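Report on the structure given below.
The values are calculated or read from the model by the stated rules, or taken from the named source; none is laboratory data. Treat the numbers as computed from the prediction; the structure is a model and nothing was measured. Cβ placement follows ideal geometry from the backbone for every residue including glycine, while neighbour counts extend to all protein chains displayed. Heavy atoms of the whole protein, side chains included, go into the accessibility calculation; ligands, DNA and RNA do not. Shrake-Rupley method; radii C 1.70, N 1.55, O 1.52, S 1.80 Å.
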Amino acid sequence: MDKSTPSYNLSVVVRETGIKPDTLRAWERRYGLPDPERTEGGHRLYSARDIEMIKWFIARQDEGMRISHAVTMWEEMVGDGVDPLHPTPQRVDIQGDMDHFSEDAATIRLRETWIEACLNFDEFAAEQILAQAFARYPVQLVVTEVLQKGMAQVGEAWYQAEVSVQQEHFISALVQRRMNALIAAAPAPTLNERILVGCPPGEQHVISPLITALMLRYHGWDVTYLGANVPLANLKETIAKISPDLVVYTATQLVTAASLRQVAEALKKDGVKFAFGGRIFSVNQSLVERIPGYYLGADLTKVAENAAKVMNDKSAGNTGADVSTAYHNAYQQFEAAVQPLNSKLLEHYHGDFEMAEPIREVNDHFAAYILAGLALGDLNLVNPEIKWVRTLIGNRGVPGDLLVEYLSVYRKYLAEYVNGEGEIILTWLDSLN
């Protein structure tokens, strides 16, 4: 039977699509889509294509798009000679269960046009581009090739002072909304194991754990997503209620990698299997050995494959490098010194126009870096962060010698508060010059 032949009444359409009759009538009245024929008695008759169209609109809604926007996108695709239900396939190299694929010119173009729309704060255009991408490609491909890589490009552009904070926040909010909608619409679990996904205390960046949760759900696992900044205090009670077979955390910063280590150590004591990942472990590979548990790797397209290996592994994963007694003692000395040290630094830079305004924030961040390095057992882990900050402020027109001068002043005043094993911090500061 020709799919365009009107053959089905309203009850069949409702049964096949799950749409409410009132909603369907509203679509027809407001947008003229679908446009069923009528019997002599005035009853609606729908074609198989009408039913597919309705399912297409519902899918766009599940992805977070408003119906009015979906209708506009449908009409634009038709106007361009593209059938939304059967778009021209593009070359995509996909193997297995989406663990491996390569990007091509089409996905690169989608990503670039999406980024351009986002940087122009054009939410409607950005959502249209994503809807077209999801109509042509598998969900996992769009998430990694467009959303994840797009966010990485925007982050690098912000680092180079080519993108504003407002633009970065706008695109991040769009991605979070889209990821939440995709996770909510993911297929029901087919595997028995349950996985808990979240972020350690202090971690506010959620794109990586959201993508991780989505990949795991599409692999068939029952995933509980806890979100950002999960306190350690009640985690034990949460795990007792959820009974996960695996806990997965991600961290993007050195400071939150230190709090992730605390989580890993606590779970290790309770015999809970733990895996981790995130940007900070990609840019600083030596951090991996500092965390007890399993590292899931830098490639989020392989996170499900690696999680499956973890599930089948009977070992405890990385043991996590021990933190020396000297580092423990230095941590205690420095923690006690932070408040008076910051006060002295504020007093020192009082009246210095270039440094006085940001000095409080700089103090807080630098102290957090040092505490993280001490907690992880190696202050040299902080070095990439110092280099990153040096380049960041340089890209924003701040003379690099200001940071050098700050580190010198910092060491001078810190020497008044540390001694013995705490002097390893002074030695490390000397190595930065």
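One chain, two ends: SER286 and GLN176. Fully extended at 0.36 nm per residue, the span grows by 36.6 nm beyond their Cα-Cα distance. Since only PRO21, VAL288, GLY227 are under comparison, the one whose Cα sits farthest along the positive direction of the charge dipole of the chain, derived from C-beta charges on Lys, Arg, Asp and Glu, is PRO21.
Taking ALA48, ALA135, ALA308 as the candidate residues, the one with maximal mean-square fluctuation in a Gaussian network model of the chain, Cα springs under 10 Å, is ALA48.
Seen against the Cα atoms of the chain and their longest principal axis, helix 123-136 is set at about 70 degrees. Distance between the modelled labels on ALA184 and LYS149, one decimal in nanometres: 2.9 nm (7 Å Cα→Cβ projection).
Once the Cβ-Cβ distance of THR39 and ALA105 is raised to the sixth power relative to R0 = 51 Å, the FRET efficiency obtained is 0.55.
Based on C-alpha pairs under 8 angstrom that are at least 6 apart in sequence, the chain has a relative contact order of 10 percent. The stretch between GLN339 and ILE386 holds 14.8 nm of extra length on full extension. This uses 0.36 nm per residue minus the Cα-Cα distance. Split the accessible area of the range 258-339 by element, probe 1.4 Å, and carbon with sulfur accounts for 47%. Taken per residue, the accessible surface of the chain reaches 49 Å², heavy atoms only and a 1.4 Å probe. Largest GNM mean-square fluctuation among GLU76, GLU203, GLU305, using the chain with Cα springs under 10 Å: GLU76.
If R0 is 45 Å, the Cβ-Cβ spacing of ALA161 and ASN9 corresponds to a FRET efficiency of close to 0.15. At full extension, ALA59 and LEU191 could sit 45.1 nm farther apart than now, given 0.36 nm per residue minus the alpha carbon distance. Here the ratio of the Cα radius of gyration of the range 105-198 to 2.2 N^0.38 Å is 1.17.
Dipole magnitude of the chain about its Cα centre, charges +1 at Lys/Arg Cβ and -1 at Asp/Glu Cβ only, in debye to the nearest 20?
Numbers: 39 positive and 56 negative charges, 226 e Å.
For the chain, the charge dipole is close to 1080 debye.
So how much accessible area does GLU162 have, in Å² to the nearest 10, using a 1.4 Å probe? Using a 1.4 Å probe on the heavy atoms, I get roughly 140 Å². Considering only TRP221, TRP27, TRP114, the mean-square fluctuation computed in a Gaussian network model of the chain, springs between alpha carbons under 10 angstrom, is largest for TRP27.
Placing one equal scatterer on every Cα of the range 191-237 and applying the Debye formula, the log10 ratio I(q)/I(0) at q = 0.22, 0.32, 0.33 Å⁻¹ is -0.75, -1.11, -1.14. Please work out, to two decimal places, the log10 of the ratio I(q)/I(0) at q = 0.14 Å⁻¹ from a Debye calculation in which every Cα of the chain carries one identical scatterer. Debye output, listed in q order: -1.30.
Evaluated on the range 214-351, the Kirkwood hydrodynamic radius is 16.9 Å, with distances taken between all distinct Cα atoms.
So what's the net charge close to THR17: Lys and Arg +1, Asp and Glu -1, counting the other residues with Cβ under 14 Å from its Cβ?
Details: positive: ARG15, LYS20, ARG25, ARG44, ARG49, LYS55, ARG60; negative: GLU16, ASP22, GLU28, ASP50, GLU52, ASP62.
Charge balance in the 14 Å sphere: +1.
Counting only alpha carbon atoms, the long axis of helix 359-376 and the longest principal axis of the chain meet at about 90°.
Shown for the range 1-74: the carbon plus sulfur share of the solvent-accessible area, taken with all protein chains present and a 1.4 angstrom probe, equals 46%.
Convex hull volume of the C-alpha atoms in the range 26-69, normalised per residue: 66 Å³.
Spacing of the modelled spin labels on VAL409 and ASP299, each 7 Å from Cα toward Cβ, amounts to 4.8 nm. Each label was represented as a point 7 Å from its Cα along the Cα-to-Cβ direction; for ASP270 and VAL82 these points are 4.7 nm apart.
To the nearest 10 degrees, how steep is helix 21-31 against the longest Cα principal axis of the chain, on a 0 to 90 scale? Compared with the principal axis, the helix lies near 90 degrees. The charge dipole of the range 247-345, taken about the Cα centre with unit charges on the Cβ atoms of Lys, Arg (+1) and Asp, Glu (-1), comes to about 60 debye, rounded to the nearest 20.
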